[in-house]
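For reference, the structure is listed below as structure tokens.
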């Protein structure tokens, strides 16, 4: 197996040898078609398998559902496969909500509250060490004029709802995704491209996982 690079977390390198793990941590990344496409991207790019992380440190599974809605999902994707998605997971990262905002009548506060409530449901039902909520991403092609404004507002509300939670946190993505210099989108203007968007997204998600392994599970936070 090819050697995996060591990534920095703060001022410390996080390696299997530097941790107290006897078994790798189980990480579930759950969400909409962004996650489904992230899985396909990591499977296609050898260097991004397991998001480039040492499998002795953590093992990552992806559960992505196209068209996933947080509120009022007629297909019930949010709850129908939880026993498989979240069982034995130590860290769960959620990326969801963008499809809800496609509705012109969507309410950012209600959406943010529903996402945090779902994270709480996971904590109480499956007892992971932590749930990480991924910020929503803007789109190039929007379904209504206020879509990206609602994305920004939802992210702000999520931050306020998570600020005092010890086991639920919000992950702020890199500036290259929220304020891109180069176009990170695929031709549909909604999803990310394999050339620019998904390399940026995968690195940001990887950093989220590394930081939460450190903060919640392995290394001192001081």
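The values are calculated or read from the model by the stated rules, or taken from the named source; none is laboratory data. The model shown is predicted, which means the values in this text are computed figures rather than measured ones. Using ideal geometry, Cβ is built from the backbone for each residue, glycine included, and neighbour counts are taken over all protein chains shown.
The residue that is nearest to residue 102 (Cα to Cα), among those in region 61-82 that are at pLDDT below 90, touching a helix residue (DSSP H, G or I) at 6+ places or on another chain (Cβ under 9 Å) and not in a loop (DSSP other than H, G, I, E, B), is 78.
Which one is modelled with the highest pLDDT, of the residues in region 148-174 that are within 17 Å of residue 192 (Cα to Cα) and either crowded, with 19+ Cβ neighbours inside 10 Å or in contact with a strand residue (DSSP E or B) (Cβ under 6 Å, 6 or more places away or on another chain) (or both)? So, considering only residues that are within 17 Å of residue 192 (Cα to Cα) and either crowded, with 19+ Cβ neighbours inside 10 Å or in contact with a strand residue (DSSP E or B) (Cβ under 6 Å, 6 or more places away or on another chain) (or both), the one modelled with the highest pLDDT is 151.
If you go through region 112-170 and keep only what is under 16 Å from the mean Cα position of the chain (by Cα), under 17 Å from residue 98 (Cα atoms) and part of a loop (DSSP other than H, G, I, E, B), you end up with 135, 136, 137, 138. Residues of region 42-60 that are more than 15 Å from the chain's Cα centre (by Cα), assigned to a helix (DSSP H, G or I) and under 26 Å from residue 190 (Cβ atoms): 43, 44, 47, 48, 49, 52. Considering only region 195-218, I want to know if a residue exists there that is in a loop (DSSP other than H, G, I, E, B) and farther than 21 Å from residue 49 by Cβ. Within region 195-218, one or more residues are in a loop (DSSP other than H, G, I, E, B) and farther than 21 Å from residue 49 by Cβ.
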